[in-house]
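One structure below.
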Amino acid sequence: MPKGSVELTNARKAEIINACEKLYQTMSFKEITIKEIGAATSFTRTSIYNYFQTKEEIFLALLQREYELWITGLKSMIERHKKLSVDEFAGEMARLLEERSQLLKIMSMNHYDMEENSRPERLSEFKTAYGEALRVVRACLDQYFPQMADEDKQNFIYTFFPFMFGIYPYTVVTEKQRAAMEEAKVNYVYMTIYEISASCIRKLLK
């Protein structure tokens with residue numbers, strides 16, 4: 001890591017992550033390279049290696065940031081709403097996930113590669129954010145559904161978090177995929193992120 005202030009280091013990291021995020025809007029994970037990311041920053045490509053050693057580390061940092069933004073939204077919900085019914089809670093949670101479609105997109109693609117090709121310290125930073133997400137969702141259940149048994153709350157978490165990995169590919173379908181579905185005569189029900197998330201949450205709580 002080069003010498004410099006913590007502020008400069010964080011600013012450089014943020015610029016790299018922002019560049020990756022921008023590229024990810026029009027390019028696939030496989031298409032994006034360190035070279036492409038470097039070209040979108042204000043410093044040299046080789047400087048990136050002072051902060052991230054692999055493309056996967058950059059994507060993992062972007063995923064971490066998305067988790068942190070989702071956590072902020074969950075905490076805000078807890079502060080704004082002291083009580084919520086099952087339907088209201090499902091709606092609020094679904095809306096927060098709909099706002100974080102990029103979180104769901106990254107989760108659904110190359111997650112194993114991101115973790116496998118990141119240094120332990122980068123992975124630990126990500127897992128800290130992931131663990132906080134688990135704790136905040138549990139806090140939501142504690143506040144809105146105090147009557148739930150601890151086992152039921154834990155089962156909700158163990159079911160919902162894996163479910164999140166499948167939300168994006170089930171709700172964002174390309175024309176090529178849609179045509180293939182029609183050709184294969186698959187009776188597929190298209191749902192939005194909001195619809196599929198709210199439906200799952202309601203079923204888990206009722």
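At-a-glance table
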| quantity | calculated |
| --- | --- |
| Only listed residue being among the aliphatic types (A, V, I, L, M) and farther than 23 Å from Tyr170 by Cβ, chosen from Ala133, Ala149, Ala90 | Ala149 |
| Odd one out for Asn110, checked against (1) more than 27 Å from Lys206 (Cβ to Cβ); (2) free of Cβ contacts under 8 Å to residues at least 60 places away in the same chain | (2) |
| From the options Met109, Met114, Met93, residue that is among the hydrophobic types (A, V, I, L, M, F, W, C), within 18 Å of Asn18 (Cβ to Cβ), out of contact with any His (no Cβ under 9 Å at 6 or more places or on another chain) and assigned by TED's automatic domain parsing to the domain that holds Val136 | Met114 |
| Candidates Ala180, Ala129 - the one that is surrounded by fewer than 13 Cβ atoms within 10 Å (Cβ to Cβ) and among the aliphatic types (A, V, I, L, M) | Ala180 |
| Of all residues in region 183-206 being in contact with a Ser or Thr (Cβ under 9 Å, 6 or more places away or on another chain) and surrounded by fewer than 16 Cβ atoms within 10 Å (Cβ to Cβ), the one that is farthest from Glu88 (Cα to Cα) | Tyr190 |
| Residue identified as within 15 Å of the chain's Cα centre (by Cα), closer than 30 Å to Ser199 by Cα and touching a residue at least 40 places away in the same chain (Cβ under 8 Å) among Ile58, Ile71 | Ile71 |
| Test: Thr174 is in contact (Cβ under 8 Å) with a residue 24 or more places away in the chain and surrounded by fewer than 16 Cβ atoms within 10 Å (Cβ to Cβ) | no |
| Residues (among the aromatic types (Phe, Trp, Tyr) and within 23 Å of the chain's Cα centre (by Cα)) located in region 1-47 | Tyr24, Phe29 |
| Helices (runs of 4 or more DSSP H) fully within region 6-54 counting 3 or more residues that are touching a helix residue (DSSP H, G or I) at 6+ places or on another chain (Cβ under 9 Å) and at pLDDT 95 or above | 6-24 |
| Ile78, sole failed condition from (1) assigned to a helix (DSSP H, G or I); (2) in contact (Cβ under 8 Å) with a residue 40 or more places away in the chain; (3) over 22 Å from Glu195 (Cα atoms); (4) not basic (Lys, Arg) | (3) |
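Per-residue answers, yes or no, for (1) surrounded by 14 or more Cβ atoms within 10 Å (Cβ to Cβ); (2) closer than 30 Å to Tyr144 by Cβ; (3) outside the structural domain of Ile106 (by TED's automatic domain parsing):
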{"residue": "Thr9", "(1), (2), (3)": "yes, no, yes"}
{"residue": "Lys30", "(1), (2), (3)": "no, no, yes"}
{"residue": "Thr33", "(1), (2), (3)": "no, no, yes"}
{"residue": "Phe43", "(1), (2), (3)": "no, no, yes"}
{"residue": "Leu63", "(1), (2), (3)": "yes, yes, no"}
{"residue": "Met77", "(1), (2), (3)": "yes, yes, no"}
{"residue": "Leu84", "(1), (2), (3)": "yes, yes, no"}
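The values are calculated or read from the model by the stated rules, or taken from the named source; none is laboratory data. It should be emphasised that the depicted structure is a prediction, and the values quoted were computed from it without experimental measurement. Cβ: placed from backbone, ideal geometry, glycine included. Neighbour counts: every protein chain shown.
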